[in-house]
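As structure tokens, the structure follows; a few thoughts come after it.
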Amino acid sequence: MTSLPFSRPVVRLRPKAEARAIRHGFPWVYADELVLDRRTNALEPGALAVLEDGERRPMGLVTVNPKSKIVARMLDRDTGAALDRAWFEARLSHALALRERLYTEPFYRLVHAEADGFPGVVIDRFGDAAVIQPNAAWAEAHLEMLVAALQAVTGVSIVVKNGTGRARSLEGLTDETLVLKGALDGPVPVRMNGATYMADLTGGQKTGIFYDQRDNHAFAARLAKGGRVLDVFSHVGGFGLAALAAGAESALAVDGSEPALALAERGAAAMGLAERFARRQGDAFETLEALQSEGERFDLVVCDPPAFAPHRQALDAGLRAYERVARLAAPLVAPGGYLVLCSCSHAADLSQFRAASTRGIGKGGRRGQLIHTGFAGPDHPMLPQLAESGYLKSLAFRLD
């Protein structure tokens, strides 16, 4: 272990805490696993400390937030690591190398939190722009250095801070969205799967687009050629625009957000396919019911709702909501057509989501085959020790 010319505070696991899991790569220490004495509780959120096991053996450098359920996050196995610009640049370069191997254009998730060595940090790249979500207190404290390293490694000239969401509130951080570097003059065009999406980097959901669905967009688009497509919870046209790019006859996008639908329409226009795109603003459940009463049928129906079960307390209600989506969507699929159902709920695992979807399809009077199960793409890597990192599930059915 490297020694520094200054001492860092020490935090210690309780004697019965599972130190082995942390030594083998688990990146978090929960509040009930750490000795929360007066000195530890006095540390500022985001402070750096040396983590020791119950026998006072050093385990690594952690960031501490006594106000959070995840009280410590592993930053470096070297207790003397200096979080200087070189540290940030080395990790960003490692992350960039993977994305440049995967994609020919600079549109991807560049940093996916713990799996890329940046606990609680998400960075999405949009060509010459990048959006940072510093969802942990340590990242907020080191944001200036992170931004400098990001620009040095990638060459982006525009950097946006998206400081919103439940994760920040759990860390005791305030909400704010700021353009930190450069200037934006409107939505940014993003090319994926042959489609063009318009991403609002300051006012849209999350960072402006959902890169995690890229591979699922591509699979669904293969089912859409020559057919009519219904894209529910469409956001900026994720599945619908990919389907049009793959040769769908038409796409109807449904979403509760009129600004998101307007961006989807602009994307279709940028592709030269505006005449094959239509939008319908309103509550998704009500719209599904209305489309059924209107006698509509589609060759491909996709439902990609927000997280109905973001935490365990919401699991039962969330599973009922997923079942309801499937029940309302299934009758809209033409015989021999396809239904794609998605979940981004951490609390609902794959088997629970699949069971809820299957029940809903049955209650909608349909039967069929499960032909594909999809997950987030490779620019959203996972630590094997964090099963809940696999939040995104996509199920494709062929219905009789």
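Normalised per residue, the accessible area of the chain is 43 Å², obtained with a 1.4 Å probe and no contribution from ligands, DNA or RNA. Relative to the longest principal axis of the Cα atoms of the chain, the long axis of helix 284-293 lies at roughly 10 degrees. In this simple spin-label approximation, THR373 and ALA278 carry label points 7 Å from Cα along the Cα→Cβ vector, and these lie 3.6 nm apart.
For the chain, averaging the sequence separation of C-alpha pairs within contact (under 8 Å, six or more residues apart) and dividing by the residue count gives a relative contact order of 10 percent. The HN-Hα couplings worked out from phi for segment 131-136 by the Karplus form 6.51 cos²θ - 1.76 cosθ + 1.60 (θ = phi - 60°) are 10, 9, 10, x, 8, 10 Hz, whole numbers, x standing for Gly and Pro.
Using θ = phi - 60° in the Karplus curve 6.51 cos²θ - 1.76 cosθ + 1.60, the 3J(HN,Hα) couplings for segment 211-227 round to 5, 5, 8, 3, 5, 6, 4, 5, 5, 4, 4, 5, 8, 9, 4, x, x Hz; x is entered for Gly and Pro. Taking one quarter of the surface of the convex hull spanned by the alpha-carbon atoms of segment 16-124 gives a direction-averaged projected area of 7.7 nm². Computed from the Cβ-Cβ distance with R0 of 51 Å, the FRET efficiency linking LYS225 to ARG312 stands at 0.80. Binning all Cα-Cα separations of segment 70-203 at 5 Å, short to long from zero, yields these whole-percent fractions: 2, 10, 20, 23, 20, 15, 7, 2, 1, 0. Rounded, prolate or oblate: which fits segment 160-205 when a ≥ b ≥ c are the square roots of the eigenvalues of the alpha-carbon gyration tensor, with rounded for a/c under 1.5 and prolate only if a/b beats b/c? Taking the square roots of the gyration eigenvalues as a ≥ b ≥ c, segment 160-205 is oblate.
Counting 0.36 nm for each residue step from LEU350 to ARG20 and taking away their Cα separation leaves a gain of 116.1 nm.
Comparing ARG166, ARG99, ARG109 in a Gaussian network model of the chain where C-alpha atoms under 10 Å apart are linked, the largest mean-square fluctuation is found at ARG166. Only Cα sites of segment 39-79 enter the Debye sum here, all with the same form factor; the resulting log10 I(q)/I(0) across q = 0.20, 0.29, 0.31, 0.34 1/Å is -0.56, -1.01, -1.07, -1.14, listed in q order.
Quick check on segment 198-300: take the gyration tensor over C-alpha atoms, sort the square-rooted eigenvalues as a ≥ b ≥ c, and tell me if it's rounded (a/c under 1.5), prolate or oblate. Oblate, because a/c is 1.5 or more while a/b does not exceed b/c.
Using 0.36 nm per residue and subtracting the Cα-Cα separation, the extra length available between GLU286 and LYS67 on full extension is 74.8 nm. Shown for segment 209-326: the carbon plus sulfur share of the solvent-accessible area, taken with all protein chains present and a 1.4 angstrom probe, equals 47%. Could you tell me what percent of the DSSP beta bridges with both partners in the chain are antiparallel, to the nearest 5? Antiparallel: roughly 65 percent of the beta bridges in the chain. Heavy-atom accessible surface of PHE353, to the nearest 10 Å², is about 0 Å², with a 1.4 Å probe and all protein chains retained.
State log₁₀ I(q)/I(0) for segment 121-280 at q = 0.08 Å⁻¹ as given by the Debye formula over alpha-carbon point scatterers of equal weight, solvent excluded. Summing over Cα pairs of segment 121-280 leads to -0.26. Taking the C-alpha atoms only, the angle from helix 85-102 to the longest principal axis of the chain is near 30 degrees. Protection proxy ranking of 31-41, 205-215, 53-63, by the mean of other Cβ atoms within 10 Å over each peptide's residues and highest first, is 205-215, 53-63, 31-41.
Packing-based ranking of 69-82, 221-234 yields 221-234, 69-82, ordered from highest to lowest mean Cβ neighbour count within 10 Å. Its residue count N sets the reference 2.2 N^0.38 Å, and the alpha-carbon radius of gyration of the chain equals 1.06 times that reference.
A Förster radius of 35 Å, combined with the Cβ-Cβ distance separating GLN385 from THR104, puts the computed FRET efficiency at roughly 0.65. Dividing the Cα radius of gyration of segment 264-400 by 2.2 N^0.38 Å, with N the residue count, gives 1.12. The C-alpha atoms of the chain define a longest principal axis, and helix 143-154 lies at about 60 degrees to it.
The values are calculated or read from the model by the stated rules, or taken from the named source; none is laboratory data. Quantities reported herein were computed from a predicted structural model and do not represent experimental measurements. Here Cβ is always computed from backbone atoms with ideal geometry, including for glycine, and neighbour counts include all displayed protein chains. For the accessible areas, the whole protein counts, side chains as well, though only heavy atoms, and no ligand, DNA or RNA atoms are used. Shrake-Rupley method; radii C 1.70, N 1.55, O 1.52, S 1.80 Å.
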